[in-house]
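Trainee: Encoded as structure tokens, here's the structure I'll be asking about.
The values are calculated or read from the model by the stated rules, or taken from the named source; none is laboratory data. Nothing here was measured: the structure is a model prediction, and the numbers come from that model. With ideal geometry, Cβ positions are generated from the backbone for all residues, glycine too; neighbour counts draw on all protein chains shown. For the accessible areas, the whole protein counts, side chains as well, though only heavy atoms, and no ligand, DNA or RNA atoms are used. Shrake-Rupley method; radii C 1.70, N 1.55, O 1.52, S 1.80 Å.
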Amino acid sequence: MNSHHATPAGKTRARALGLPFSGDPGENNAITDVAGVEVGTTTLISGEGKLIVGQGPVRTGVTALLPRGRKKAQIPCAAGSYSLNGNGEMTGTIWIEESGELQTPITITNTHSCGVARDATIEWLVRHGGGNVQDWGLPVAAETFDGDLNDINGFHVKAEHVIQALEGARGGPVEEGSVGGGTGMVCYDFKGGNGTASRVVKIGGRRYTLGALVQSNFGQRPECTILGVPVGLHLKGDELRGSPAGSIIVIIATDAPLEAHQLKRIARRVPLGLARTGGIGHNSSGDIFLAFSTANEEAFAAKRGELRRMEAIGTQDIDPLFVATIEATEEAIIDSMIANQTMVGRDGNRCVALPHDRLIDVMKKYGRM
């Protein structure tokens, strides 16, 4: 199976439709193309019909990302974050802003389970981290709202589900669509959720990989744009929300040696990829982004009192990584809709999948296929 064309579960990805994305993707066109990065998900789907708080229907989950993998979870990474619009949550970013380091795994879930995910990550680091015990930590946990489809006030995501996602994190191809934290999400009033993409760039004769992972839950149908084509204007009907509600979380990983302030600059380029798909950062949208680098491992593993020696790409050479960030973010968002299916959730609420055949017809009309 070509991982550029299909997810591990066999769902069609955007490139299988012939969409002409720019840039050079990595082996799996996923954030895990950055060596060491591992992703895991726990998906919770049960019940149907009328909402009964605490009983369902349940359409939610949690996504976990380990920047250096399970065996090196205790080694920090240089990192930077940026918020386009702050109607959302990503814990741990105050310390990242202060220290320039990401020191924990990352989890993404629904709004009312963000605290559970944060606390369970500490538990995992202490009890299930393969010796990665620490007495202090400020984990990164992020959220978007899935209450249109999920019994969000039923608090169905438990600590064991977070730990399951952390324990199940792996490299290689990444499942997309309605999985993990993305299970109950809506994007441009199509079924949204998890998406990923990567780019390979050359700087100074060296090859570097940059990958994006998104939890998409934002936008209105008329805004939806794919490769410059106003798709949402042509694919009207069956809108679930019909309002500018929702959010998006984007995680950028790279093996390029970058300093914290450079990674903050990378995070600031994520909105340009978001804008390519039609996103405008609505008032009620939490658009929060984090970028980290897995380079300089020995420096970040240095013990207290030891001098760190680190490499960093020059400021004048960073543009290819800006381009890679924009391209990977754009494709990951589009993939989160294309590698998906229609979902019915609480109270019979129905979120339709982006129809592949109609999408292709629209793209052909604009000469984009």
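Trainee: Could you grab me the full set of residues in the stretch 279-295 that are among the polar types (S, T, N, Q) and crowded, with 20+ Cβ neighbours inside 10 Å?
Mentor: S285, S293, T294
Trainee: A follow-up question, please. Scan the stretch 174-182 and give yes if some residue there is open to solvent by 10 Å² or more (accessible area, probe 1.4 Å), out of contact with any helix residue (DSSP H, G or I) (no Cβ under 8 Å at 6 or more places or on another chain), at pLDDT 95 or above and of a type in the set (S, T, Y), otherwise no.
Mentor: Within the stretch 174-182, one or more residues are open to solvent by 10 Å² or more (accessible area, probe 1.4 Å), out of contact with any helix residue (DSSP H, G or I) (no Cβ under 8 Å at 6 or more places or on another chain), at pLDDT 95 or above and of a type in the set (S, T, Y).
Trainee: State whether one or more residues within the stretch 188-203 are of a type in the set (K, R), open to solvent by 10 Å² or more (accessible area, probe 1.4 Å), over 29 Å from G345 (Cβ atoms) and in a helix (DSSP H, G or I).
Mentor: No, the stretch 188-203 contains no residue that is of a type in the set (K, R), open to solvent by 10 Å² or more (accessible area, probe 1.4 Å), over 29 Å from G345 (Cβ atoms) and in a helix (DSSP H, G or I).
Trainee: While we're here: Within the stretch 332-359, how many residues are touching a residue at least 24 places away in the same chain (Cβ under 8 Å), part of a helix (DSSP H, G or I) and more than 21 Å from the chain's Cα centre (by Cα)?
Mentor: Number of matching residues: 3.
Trainee: Picking from R304, R265, R241, R276, which residue would you name as being touching a helix residue (DSSP H, G or I) at 6+ places or on another chain (Cβ under 6 Å) and surrounded by fewer than 24 Cβ atoms within 10 Å (Cβ to Cβ)?
Mentor: Of R304, R265, R241, R276, the one residue that is touching a helix residue (DSSP H, G or I) at 6+ places or on another chain (Cβ under 6 Å) and surrounded by fewer than 24 Cβ atoms within 10 Å (Cβ to Cβ) is R276.
Trainee: While we're looking at this one, here's another question. Does L19 qualify as being assigned to a loop (DSSP other than H, G, I, E, B), touching a residue at least 24 places away in the same chain (Cβ under 8 Å) and either open to solvent by less than 30 Å² (accessible area, probe 1.4 Å) or under 30 Å from I152 (Cα atoms) (or both)?
Mentor: yes
Trainee: For the stretch 60-85, enumerate the residues that are modelled with pLDDT of 95 or more and either in contact with a Cys (Cβ under 9 Å, 6 or more places away or on another chain) or open to solvent by 50 Å² or more (accessible area, probe 1.4 Å) (or both).
Mentor: P67, R68, Y82, S83, L84
Trainee: Being open to solvent by less than 30 Å² (accessible area, probe 1.4 Å), over 29 Å from M337 (Cβ atoms), of a type in the set (A, V, I, L, M) and free of Cβ contacts under 8 Å to residues at least 60 places away in the same chain narrows it down to one of I163, I122, so name that one.
Mentor: The conditions single out I163.
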